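The block underneath contains the structure these notes are about, expressed in structure tokens.
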Amino acid sequence: MKRSELLFTALLVPLDYLMILLAAAAAFGLRFLDIFTEARPVEFETTLWEFLELVAIAAPVALLIFASLGFYQIRRHRNVTDDLIKAFIGMTVAVTVFIVYVFFTRELYESRFLVISVWLLAVTCITLGRFLLRRIRVMFFKRGVGLHRVVILGNGKTGERLSQIYQKASLGHNVVAEYETLSEGVLKKLKQFAKNPGIDEVIVTNTTAFDQELLLQLHQLSEEQKWEFAIVPDLFGTLSNFDVHDVGGIPLFEIRHTPLEGWYRILKRIIDIVGALLFLVLFSPVFLVTAIWVKLDSSGPIFYGSQRVNKTGMFKLWKFRSMVKDADKLKAKLMEQNERTGPLFKIENDPRVTRVGRFIRATRIDELPQLWNVLRGEMSLVGPRPHLPAEVEQYEAHHRRVLGINSGMTGLAQVSGSSDLDFEEEVRLDTYYMENWSLRMDLSILFRTLRVVFGRKFGS
């Protein structure tokens, strides 16, 4: 672990503390704005300094809650979404603890406005503070300070993709060497690299392609040199998701296909129903404007229904029509221009897409009618990509595993650049999501979807 990583992680604790105090000061100032005093006069006598003193004493409780949530784990890859989610959960728990304390001690607190304001502003300030600290760290990265030196072993698209990703200065990585194979000669070169320019991590992208004895030697070398050692699991590597049971002293490792069973499945369904209803109401003006626009732009129906496959069978997926009428009949003539590998079909400048279609596809407005599919239980807000029957017919056995849960309006593959991924990589991501589902992952994907949509990063 690099010293710079330890330093910036250690700075998070005092930073969060200061951000909570800043939020308290801002909340106190807001209470005296005319818009709030006119609605409800100030009735408490607490001064700013007395209030800040109270918050300063209570803030360490919030920091302890953050620590229990893993907010201060040493991690290189942090993002705004993760910080926002954990800050919201942590502050919600902290405020709840405060309310419970007030209830049981039978003390009357003077201002509910201050409690609510500190809660919301602290979430905002903590997230903003961490974002600014990351930007400062990126400035150091761009000057070559604190870079995490990486060696990538393995050939194929995964290694190439990792190398491309690590070229982003914001990630703080420097790929010092890449090798397609692992041999005694490569191990000797790595020992030389250990001295100059130095190595922090070794990543193996395809373990099955290398001699197992050499892999063990590489792992031992990593332990000796204090390198981090990471592997990219193959398509079946996600099967490591298991529960351990003891039967008469014999350990049994039970492979779990997905955590989405029992109460978790019920919880996800409740979230889907509430979310679909909320978004249908929220986007109702967008529905109206888009419907009129599609109708005026070209002949044909407003909505387009497409047969898809989910875990229970066939269903009709609904979208705003973004192509010319009878576009499916023209698909056969365009198959030679297909740019995707595997059973999927996609071309960059599809001549079937209408003028309105290009915009609503880029902004993903065309997918809003799928909220009806979510409400009916045919889809989820988050899940694997919806599958066409013709595609499923070409799937191999391991591809069909993603049919184990409902497809989603968005998903891990979509926010990872689904138009740029090959089919196997897309399946790997969807399989990982299915077998490692968590509520936090769903929230993170939803936030990342908004970021992708507003950035139009992958729209076409």
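Derivation of every value follows stated rules applied to the coordinates shown; laboratory data play no part. Worth saying up front: this structure is predicted, and the values here are computed from it rather than measured. Positions of Cβ are backbone-derived with ideal geometry, glycine not excepted, and every protein chain shown enters the neighbour counts.
Within region 17-60, list the chymotrypsin sites (Phe, Trp or Tyr not before Pro) lying in a DSSP loop whose Cβ has at most 16 other Cβ atoms in a 10 Å radius.
For chymotrypsin sites (Phe, Trp or Tyr not before Pro) across region 17-60 that sit outside H, G, I, E and B with at most 16 neighbouring Cβ atoms in 10 Å, the list reads 32, 44.
Please list the non-local residues whose amide H lies under 5 Å from the amide H of residue 231, H modeled 1.01 Å from N, same-chain partners needing a gap of 5 or more.
Placed amide hydrogens put 204 under 5 Å from residue 231.
Could you pull out the trypsin sites (Lys or Arg not before Pro) across region 107-186 that fall in loop regions by DSSP (anything but H, G, I, E, B) with no more than 12 other Cβ atoms inside 10 Å?
Loop-located and lightly packed - 143, 168.
Residue-wise, which Karplus ³J(HN,Hα) couplings in Hz belong to region 370-383, taking 6.51 cos²θ - 1.76 cosθ + 1.60, θ = phi - 60°, and x for glycine or proline?
Karplus values, whole Hz, x for Gly and Pro: 5, 4, 5, 5, 5, 4, 7, x, 7, 9, 10, 4, 10, x.
Normalising by the residue count of region 148-232, find the relative contact order in percent from Cα pairs under 8 Å and 6+ residues apart.
Across region 148-232, relative contact order equals 36 percent.
Which pairs in the list 188/226; 295/319; 86/268; 168/188; 86/168; 295/316 are over 23 Å apart, alpha-carbon to alpha-carbon?
As for pairs spanning more than 23 Å Cα to Cα, those are 168/188; 86/168.
Enumerate the amide H contacts of residue 175 below 5 Å, restricted to partners 5 or more residues apart or on another chain; note that Pro and chain-start residues carry no placed amide H.
Hits under the 5 Å cutoff: 150.
Please list, by residue number, every one of the GluC sites (Glu not before Pro) in region 1-89 that is coil in DSSP and has at most 12 other beta-carbon atoms within 10 Å.
When the GluC sites (Glu not before Pro) of region 1-89 are filtered for loop state and at most 12 Cβ neighbours within 10 Å, 43, 45 remain.
Quick check: the distance between the Cα centres of region 31-65 and region 393-444, to the nearest angstrom?
Measuring centre to centre over Cα atoms gives 46 Å.
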